[in-house]
Amino acid sequence: MELYKYLPKTNCKLCGKTCMAFALDLLQGKVKADDCPPLLEPKYKKQYETLKELLGSEEGVEKELRINVDTDLCDGCGICVTICPVNARYCPPSLSGKAPDYPPEKHQLFQVKGGKCELLELKYCRRIEAEGRERECRVCETYCPREAVKIEYV
Amino acid sequence: MKRSVCSGCSLLCDDIMVKSDGIYIDEVFGACLKGKEKFDQVTSQNRILSPLIRKDDTLQKASWDEALQRTVDLIKKSKKPLIYGLSNSSCEAQLKGIELAKLINGFIDSNASICQGKVLDNAVNSGITLTTITEIINKADLILLWGSNAAESIPRLLNKVLFSRGKFRMTGREIKTLIIIDPVKTASFNTMGVRDVALRITPGKDIELIKVLKEECCAADSIPSEGVAGLDKDDMKRLLQHLSGAEYGVIFVGQGLLTPQKNSNLINELLELVQMINIKQERGRITLAMMGGHFNMNGFDHVALSMYGKRGNLHFKDNQILETDENIISKIENEDFDCSIFIGTDPISHFPMSLSSKLAKKPIILIDNRNSATLQLASIVLPTTITGIECSGLAYRLDHIPIELKKIINPPSKIPTDEEILNQIIQKLKSDGGN
Ligand code: SF4
Ligand code: SF4
Ligand code: SF4
Ligand code: SF4
């Protein structure tokens, strides 16, 4: 388990359990990284930070999905428009690589306007809507030839 | 909001939505940046709106009548005129260009000849079919980009051929294999998935790769263990496996392969390789598609074929067609011309120095809509409309499918089209007699 790797692994039981049990609780959000006192010591600083990063969105504070399109890099190739599964489902022309109809369908996530990609509506992105593995969709980011799409949580 | 065709490159995307009041273009949806830039040309700083003629060694504004008269006078004096360009013009204009060449006993050639040359002829002769975009979308399971930076030259090509979900390829990207053979890591490499094959070939060694693959087709295990052309043996084996295992494979032949190379018959070798693979093929076949640049790159071949039964350049003498092996390059190299007419092209910047310096020595008549290095050296400049935006016309897509371009807005200052300008020159030459 990845989280376990970053714990002190000393089983000092200051948290009231073993490191492994602590890691499991961390995963389920029952405890926070700060609940492990040794982890706050300077020598574990790096591990502590990595853990914080890993836990990111799962930890208490709600993180919000952002999909940023860098319009300086984008050249409007339309790959994101075509490959986004939500677009494919609601905009039939995009099945054959064509630009979706205008005006955009209400679920449509991307469109190309004035030679640049434009994010229309994030609400229906699979990262928000879908369940299970589909929720891990990141094809728009993966296949953009200009590396202009970035999925982030802020 | 009107549906329209983009004439930004030879893909001629027909899914563009344009918002316009008939005078200006307000918004363009669906076109890539390159296409958008084409639409922007209408109001660009670079646009020329008035005829120009060279007086006292500077270009000065002139009236249409004066510029046309000068053009005709110059053509009449010329014994060996050269007409070149026309790949950014409609087929109608190309037809007029050929008519003019015949009338003035000139040599006419389009931009296509320096990149595609005889590829099409040779492919057809060896029985290899060229495929169409629609077929690729619906059937292809293997896309090979060879020496072509698709993401750069035809920005929406990969979107259409690789990411679309065609009739028999419903799952889209996952079911298609992408192979790229290129010396540099282009933006197209970013569209690769885990199962795809990236081959970084040593520049200029494509011919060696083809030869070894051909040998391997004849007798297995003839690939040298150290590999060739900077590629290792396993990669080459995988490449060949993919090619011979594909149900419907397409090789996109790019500029890297099309640029004529001295002493090497790269394209013919490639065609032979494709033939050999197709014989080995168990399930399907490999087809070719050519990556053109200018939007009507293929049109001239079709017009010439329908008029005179041959593709490529035409040479006229005594108003008859002359069989010749010459092309635009050899014509310029041998300085076998005394005046040139360029239509929608900028050879002074595109040709190598050795050729452009020769062009610059003879009078140039330029028919174009924007400022360029060629314009700076021209004797006469006739401004023209932007085909596909300010006038309609026929063009052939990169897969040789005819597409009708539509007029969206009126040209500024009542500028005539390429076709009209060429026609005016023809009529004036005829009515003035002589030649
Ligand atoms: S306090 Fe930290 S180091 Fe100690 S057992 Fe718990 S998780 Fe392990
Ligand atoms: S895939 Fe990338 S470059 Fe292409 S339109 Fe989308 S953001 Fe722009
Ligand atoms: S993550 Fe998936 S669903 Fe969300 S915008 Fe990108 S491609 Fe579409
Ligand atoms: S790919 Fe070519 S034809 Fe299509 S929108 Fe871009 S420039 Fe225009």
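So for the protein assembly as shown: antiparallel DSSP bridges make up what percent, rounded to the nearest 5? Counting DSSP beta bridges with both partners in the protein assembly as shown, the antiparallel share is about 45 percent. Put simply, when B:337-348, B:156-167, B:186-197, B:396-407 are sorted by average Cβ atoms within 10 angstrom per residue, most first, you get B:156-167, B:337-348, B:396-407, B:186-197. For the stretch B:121-195, what are the per-bin percents of Cα-Cα distances with bins 10 Å wide, up to the bin holding the maximum? Bins of 10 Å from zero give 18, 47, 29, 5 percent of pairs. Over the stretch B:306-435, what relative contact order in percent results from Cα pairs under 8 Å that are six or more residues apart? Dividing the mean separation by the residue count of the stretch B:306-435 yields 15 percent. Computed on the Cα atoms alone, the convex hull of the stretch A:65-153 gives a volume of 86 cubic angstrom per residue. Solvent exposure of B:LEU86, expressed as accessible area, is near 0 Å², computed with a probe of 1.4 Å over the protein chains only. With respect to chain A, whose longest principal axis is taken over its alpha-carbon atoms, helix A:19-28 is tilted by about 30°. Sequentially through the stretch B:103-110, phi angles give Karplus couplings (6.51, -1.76, 1.60; θ = phi - 60°) of 5, 9, 6, x, 10, 10, 8, 10 Hz, Gly and Pro residues having no value and appearing as x. Largest first, the three principal axis extents of the alpha carbons in the protein assembly as shown are 107, 63, 44 Å in whole numbers.
Heavy-atom accessible area with a 1.4 Å probe sorts B:CYS218, A:CYS77, largest first, into B:CYS218, A:CYS77. For the pair B:LYS233 and B:LYS118, the difference between a 0.36 nm per residue extended length and the Cα-Cα distance amounts to 38.2 nm.
For the residues of B:147-157, the average number of beta carbons from a partner chain within 10 Å of their own beta carbon is 3. Residues B:LYS280, A:LYS17, A:LYS45, B:LYS214, ordered by accessible area of protein heavy atoms at a 1.4 angstrom probe radius and largest first, appear as A:LYS45, B:LYS280, A:LYS17, B:LYS214. If you line up the long axis of helix A:45-55 against the longest principal axis of chain A, both from Cα atoms, how many degrees apart are they, to the nearest 10? Approximately 50 degrees, to the nearest 10.
Between the Cα long axis of helix B:418-432 and the first principal axis of chain B there is an angle of about 40°, rounded to the nearest 10. Expressed to the nearest 5 percent, the antiparallel share of DSSP beta bridges inside the stretch B:282-435 is 45 percent. Only protein heavy atoms count here; on that basis, with a 1.4 Å probe, A:TYR153 has an accessible area of about 90 Å². One Cα centroid belongs to the stretch B:1-31, the other to the stretch B:88-138; the line between them spans 25 Å. For B:LYS79, a cut-off of 26 angstrom between C-alpha atoms picks up these lysines, skipping any fewer than 8 places away in its own chain: B:LYS55, B:LYS96, B:LYS102, B:LYS310, B:LYS317, B:LYS331, B:LYS358, B:LYS361, B:LYS362, B:LYS428, B:LYS430. Using the Stokes-Einstein relation with a Kirkwood hydrodynamic radius computed over Cα pairs, the translational diffusion coefficient of chain B at 37 °C and a viscosity of 0.692 mPa s comes to 142 µm²/s. Normalised by 2.2 N^0.38 Å, where N counts its residues, the alpha-carbon radius of gyration of the stretch B:117-290 equals 0.96. Taken over chain A, the alpha-carbon convex hull comes to 130 cubic angstrom per residue.
The values are calculated or read from the model by the stated rules, or taken from the named source; none is laboratory data. Note that the structure is a prediction, hence the values are computed from the model and not measured. So basically every Cβ, Gly included, is an ideal-geometry build from the backbone, and we count neighbours across all protein chains shown. Remember, those area values only see protein heavy atoms, side chains included, never the ligands or the DNA or RNA. Shrake-Rupley method; radii C 1.70, N 1.55, O 1.52, S 1.80 Å.
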